[in-house]
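Peer 1: So that we are looking at the same thing, I have put the structure below in structure tokens.
The values are calculated or read from the model by the stated rules, or taken from the named source; none is laboratory data. Here the structure is a predicted model, which is why all the values come from computation and not from measurement. Reconstructed Cβ throughout: ideal geometry from the backbone, glycine too, with neighbour counts over all protein chains shown.
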Amino acid sequence: MKTLVWVEHEGGAVKDATLSAVTAAAKLGEVHLLVVGEGVSAVADAAAKIAGVGKVHVADDAAFGHALAENVAPLIVELMGHHDAFIAPATSNGKNIAPRVAALLDVMQISDILSVESDDTFTRPIYAGNAIATVKSKDAKKVITVRGTAFEKAQRDGGSGTVEAVASTGDKGLSSFVGAEIAKLERPELTSAKIIVSGGRALKDGPTFEEVIFPLADKLGAAVGASRAAVDAGYVPNDYQVGQTGKIVAPEVYVAVGISGAIQHLAGMKDSKTIIAINKDEDAPIFQVADIGLVGDLFKVVPELTGKL
Amino acid sequence: MKILVPVKRVIDYNVKPRVKADGTGVDLANVKMSMNPFDEIAIEEAIRLKEKGVATEVIAVSIGVAKAQETLRTSLAMGADRAILIQTDEEVEPLGVAKLLAKVQEEEGAGLIILGKQAIDDDSNQTGQMLAALLNLPQGTFASKVEVEGDSVSVTREVDGGLETVKLSTPAIITTDLRLNEPRYASLPNIMKAKSKPLAQKTPADYGVDISARLETLKVVEPPKRSAGIKVADVDELVAKLKAMGVAA
């Protein structure tokens, strides 16, 4: 099989989510990449070095500058004339674009796969990860999104792909980009962080959340996350949210501070390698999934922990 | 301008789903069912646009079993004007749903179609994008803010790392994210009033759409269970563990 993989990139660099998608694609056979954007030749060169990559298709055009699905999907559909599968990482771009491609190809997409069982059979989480379904696609072509945390990252070097320009399919005139407010990250990004420190509603308010959680996160070089309850209460913005309705993470170490462990939250972090829970309620459900638990008042325990690290 | 809002009847989000012992799916017998939470947000947004005078009519549509009528009645009680049930006992995949909705849109000619970004049962996150593709319309997915301005709509989207705003020509497809609004509760008088609002009954055959499944579910299993680990007595012990793991120097 020949698979076309969507390259997620930012600021001229290939993002980690792409590398997981490449690993998934390699299980199906030949891996080709698609780099879409404006002024993306450096990205294409970097993509060509990813281990195991064949051809790198590059569509460099102002119409692709912000990866608008309306403009990008027709381009992918054209390239799917000579590919058997389209794979995108389950990033906001991937989730936005892949179903549009699938419908144009009259294919039922397989979302958020966790494993490749064979050419046409995959596993994927349903019911917020409370169940895992094995599904077999009857469609001739496959459209798939990949859960990044479920696949190893392909090596960024060692590959010798060939870069090939693709003609633009142009601006379809349906939508335009107005602007973006991308939060300035002083810490690692949640979905690719090795360590995450998350806070829950017990943190009281926004300033307290920052005062307690941020220093610990910085000591550990960790990303900061939050439960939906903490987001709903306005302590931190929504892009901090870990859970069924937020981000799905699987870091090496997940430190849950003042998080009771609602089903909704566990769905987003239970694949973490080691879970550490700090909570004053020893019966909190979070302790049922935690590898290491500490029962105590977070306002005493966390500053003490930060101080001793 | 009409607004079309597709809604789905799903397991209530506070219920922990249980996998059937025979591995064929999730047990939904005698389980509380509710409107998909993201669809509630979609209904709420449509009603608010009507209250602002932007929309003239809100139409809720559901594809599913006869009991999906309850979900439609909830939409009507919240403030939708009328409802369409496309009744089927088959499990319809997002692609099939999108094809049916495209036919409904051909009849209704809505200016906006607002959908939940994903259903909390199959977690596909596809229907809105697929519908946009089939109708060749623009899509504003994962919306946290929607502003209609003449014949276009500005949609602020929740994207990895922040927010992004796009401007779409109408008609347009919008899918809702969590922060778009807080859905209202239907009042008792409105629940009573909803009982007499029109609810049209259709079948997939009425629209001539093939909804046969493209994906075959071979089995459904529980995810690997995590077992509870150890409890440490104090911070010093925790620090020692972190050091042993190489997390702390």
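Peer 1: Name the residue that is surrounded by the fewest Cβ atoms within 10 Å (Cβ to Cβ), counting only residues in region B:125-163 that are assigned to a strand (DSSP E or B), at the interface with chain A (Cβ under 9 Å from one of its Cβ atoms) and touching a helix residue (DSSP H, G or I) at 6+ places or on another chain (Cβ under 8 Å).
Peer 2: Checking each candidate, the answer is B:162.
Peer 1: Does residue A:162 satisfy the condition of being more than 7 Å from every other protein chain (Cβ to nearest Cβ), at pLDDT 95 or above and crowded, with 21+ Cβ neighbours inside 10 Å?
Peer 2: Details: more than 7 Å from every other protein chain (Cβ to nearest Cβ): yes; at pLDDT 95 or above: yes; crowded, with 21+ Cβ neighbours inside 10 Å: no.
Answer is no for this residue.
Peer 1: If residue A:178 passes every condition in (1) exposed (fewer than 15 other Cβ atoms within 10 Å of the Cβ); (2) over 21 Å from the mean Cα position of the chain (by Cα); (3) not in a strand (DSSP E or B) but one, which one does it miss?
Peer 2: Tallying (1) exposed (fewer than 15 other Cβ atoms within 10 Å of the Cβ); (2) over 21 Å from the mean Cα position of the chain (by Cα); (3) not in a strand (DSSP E or B), residue A:178 fails exactly one: (3).
Peer 1: I'd like the residue in region A:273-303 that is assigned to a loop (DSSP other than H, G, I, E, B) and at the interface with chain B (Cβ under 9 Å from one of its Cβ atoms) and, out of all such residues, is surrounded by the most Cβ atoms within 10 Å (Cβ to Cβ). Quick ask: steps written out before the conclusion?
Peer 2: Let us first name the residues in region A:273-303 that are assigned to a loop (DSSP other than H, G, I, E, B), namely A:273, A:280-284, A:289-291, A:296-297.
Now restrict to residues that are at the interface with chain B (Cβ under 9 Å from one of its Cβ atoms): A:282, A:289-291, A:296.
Numbers: A:282: 10, A:289: 21, A:290: 26, A:291: 19, A:296: 20.
Among residues in region A:273-303 that are assigned to a loop (DSSP other than H, G, I, E, B) and at the interface with chain B (Cβ under 9 Å from one of its Cβ atoms), the one surrounded by the most Cβ atoms within 10 Å (Cβ to Cβ) is A:290.
Peer 1: Also: Go through region A:129-152 residue by residue and tally those that are touching a residue at least 60 places away in the same chain (Cβ under 8 Å), under 17 Å from the mean Cα position of the chain (by Cα) and crowded, with 17+ Cβ neighbours inside 10 Å.
Peer 2: Residues in region A:129-152 being touching a residue at least 60 places away in the same chain (Cβ under 8 Å), under 17 Å from the mean Cα position of the chain (by Cα) and crowded, with 17+ Cβ neighbours inside 10 Å: 8 in total.
Peer 1: Is there a residue in region A:229-244 that is hydroxyl-bearing (Ser, Thr, Tyr), closer than 28 Å to residue A:260 by Cβ, in contact with a strand residue (DSSP E or B) (Cβ under 6 Å, 6 or more places away or on another chain) and not in a loop (DSSP other than H, G, I, E, B)?
Peer 2: Step one: filter region A:229-244 for residues hydroxyl-bearing (Ser, Thr, Tyr), giving A:235, A:240.
Keeping just the survivors that are closer than 28 Å to residue A:260 by Cβ gives A:235, A:240.
Adding the requirement that they be in contact with a strand residue (DSSP E or B) (Cβ under 6 Å, 6 or more places away or on another chain) leaves A:240.
Then keep just the ones that are not in a loop (DSSP other than H, G, I, E, B); that gives A:240.
Within region A:229-244 (the criterion being hydroxyl-bearing (Ser, Thr, Tyr), closer than 28 Å to residue A:260 by Cβ, in contact with a strand residue (DSSP E or B) (Cβ under 6 Å, 6 or more places away or on another chain) and not in a loop (DSSP other than H, G, I, E, B)), the answer is yes, since at least one residue qualifies.
Peer 1: Sort through B:214, B:226 and tell me the only one that's modelled with pLDDT of 90 or more, within 30 Å of residue B:17 (Cα to Cα) and at the interface with chain A (Cβ under 7 Å from one of its Cβ atoms). Don't jump to the end; show me each part of the working.
Peer 2: Working: B:226 fails: modelled with pLDDT of 90 or more.
Only one candidate passes the filter, namely B:214.
Peer 1: Also, quick follow-up: Going by what's in this entry, would residue A:98 be described as under 18 Å from residue A:31 (Cα atoms), at the interface with chain B (Cβ under 9 Å from one of its Cβ atoms), at pLDDT 95 or above and surrounded by 21 or more Cβ atoms within 10 Å (Cβ to Cβ)? Steps first, answer last, please.
Peer 2: Values: under 18 Å from residue A:31 (Cα atoms): yes; at the interface with chain B (Cβ under 9 Å from one of its Cβ atoms): yes; at pLDDT 95 or above: yes; surrounded by 21 or more Cβ atoms within 10 Å (Cβ to Cβ): yes.
Criteria met by residue A:98.
Peer 1: Of (1) out of contact with any helix residue (DSSP H, G or I) (no Cβ under 9 Å at 6 or more places or on another chain); (2) in contact (Cβ under 8 Å) with a residue 12 or more places away in the chain, residue B:53 satisfies all except one. Which?
Peer 2: (2)
Peer 1: Report, by residue number, each residue of region B:56-106 that is among the aliphatic types (A, V, I, L, M) and in a helix (DSSP H, G or I).
Peer 2: Quick first cut of region B:56-106, residues among the aliphatic types (A, V, I, L, M) only: B:58-61, B:63, B:65-66, B:68, B:72, B:76-78, B:80, B:83-86, B:92, B:95, B:97-98, B:100-102, B:104.
Across region B:56-106, the qualifying residues are B:68, B:72, B:76, B:77, B:78, B:95, B:97, B:98, B:100, B:101, B:102, B:104.
Peer 1: What are the residues in region B:100-121 that are of a type in the set (D, E, K, R) and surrounded by fewer than 23 Cβ atoms within 10 Å (Cβ to Cβ), if any? Break it down stepwise before answering.
Peer 2: Step one: of region B:100-121, the residues of a type in the set (D, E, K, R) are B:103, B:106-108, B:117, B:121.
Correct list: B:103, B:106, B:107, B:108, B:121.
Peer 1: To continue, here is another question. Can you pull out every residue in region A:245-261 that is within 13 Å of residue A:197 (Cβ to Cβ) and either assigned to a loop (DSSP other than H, G, I, E, B) or more than 8 Å from every other protein chain (Cβ to nearest Cβ) (or both)?
Peer 2: Residues of region A:245-261 that are within 13 Å of residue A:197 (Cβ to Cβ), as a first pass: A:249, A:251-259.
Scanning region A:245-261 gives A:249, A:251, A:252, A:254, A:255, A:256, A:257, A:258, A:259.
Peer 1: Also, I was wondering about something else. Among residues belonging to region A:262-272 that are closer than 18 Å to residue B:38 by Cβ and among the small types (Gly, Ala, Ser), point out the one that is farthest from the other protein chains (Cβ to nearest Cβ). Can you show your working first?
Peer 2: Step one: filter region A:262-272 for residues closer than 18 Å to residue B:38 by Cβ, giving A:262-265, A:267-268.
Filter once more, keeping what is among the small types (Gly, Ala, Ser): A:262, A:267-268.
Values: A:262: 9, A:267: 10, A:268: 12 Å.
Step by step, filter region A:262-272, then rank; the result is A:268.
Peer 1: Checking residue B:38 against (1) within 16 Å of the chain's Cα centre (by Cα); (2) under 16 Å from residue B:204 (Cβ atoms): exactly one of these is not met. Which one?
Peer 2: That leaves (2) as the condition not met.
Peer 1: Give just the number: which of (1) within 28 Å of residue B:19 (Cβ to Cβ); (2) in contact with an Asp or Glu (Cβ under 7 Å, 6 or more places away or on another chain) does residue B:235 not satisfy?
Peer 2: The one condition residue B:235 does not meet is (1).
Peer 1: Can you work out which of the residues in region A:116-156 that are closer than 23 Å to residue A:253 by Cα and part of a loop (DSSP other than H, G, I, E, B) is nearest to the other protein chains (Cβ to nearest Cβ)?
Peer 2: A:130
Peer 1: Let me ask something else about it. Does region A:184-191 contain at least one residue that is under 30 Å from residue B:153 (Cα atoms) and either in contact with a Lys or Arg (Cβ under 8 Å, 6 or more places away or on another chain) or within 11 Å of chain B (Cβ to nearest Cβ) (or both)?
Peer 2: yes
Peer 1: A further question on this structure: Which of (1) part of a loop (DSSP other than H, G, I, E, B); (2) out of contact with any His (no Cβ under 9 Å at 6 or more places or on another chain) does residue A:264 not meet, given it meets every other one?
Peer 2: (1)
Quick grid of which residues meet (1) modelled with pLDDT of 95 or more; (2) on the phi > 0 side of the Ramachandran plot:
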{"residue": "B:131", "(1), (2)": "yes, no"}
{"residue": "B:134", "(1), (2)": "yes, no"}
{"residue": "B:139", "(1), (2)": "yes, no"}
{"residue": "B:150", "(1), (2)": "no, yes"}
{"residue": "B:155", "(1), (2)": "yes, no"}
{"residue": "B:173", "(1), (2)": "yes, no"}
{"residue": "B:178", "(1), (2)": "no, no"}
{"residue": "B:182", "(1), (2)": "no, no"}
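Peer 1: Cβ-Cβ distance below 8 Å, separation of 6 or more or different chains: which pairs start in region B:79-95 with a residue that is within 23 Å of residue A:137 (Cβ to Cβ) and within 14 Å of chain A (Cβ to nearest Cβ) and end on one that is small (Gly, Ala, Ser) and buried (at least 20 other Cβ atoms within 10 Å of the Cβ)?
Peer 2: B:92/B:64; B:93/B:124; B:94/B:124; B:95/A:102; B:95/A:103
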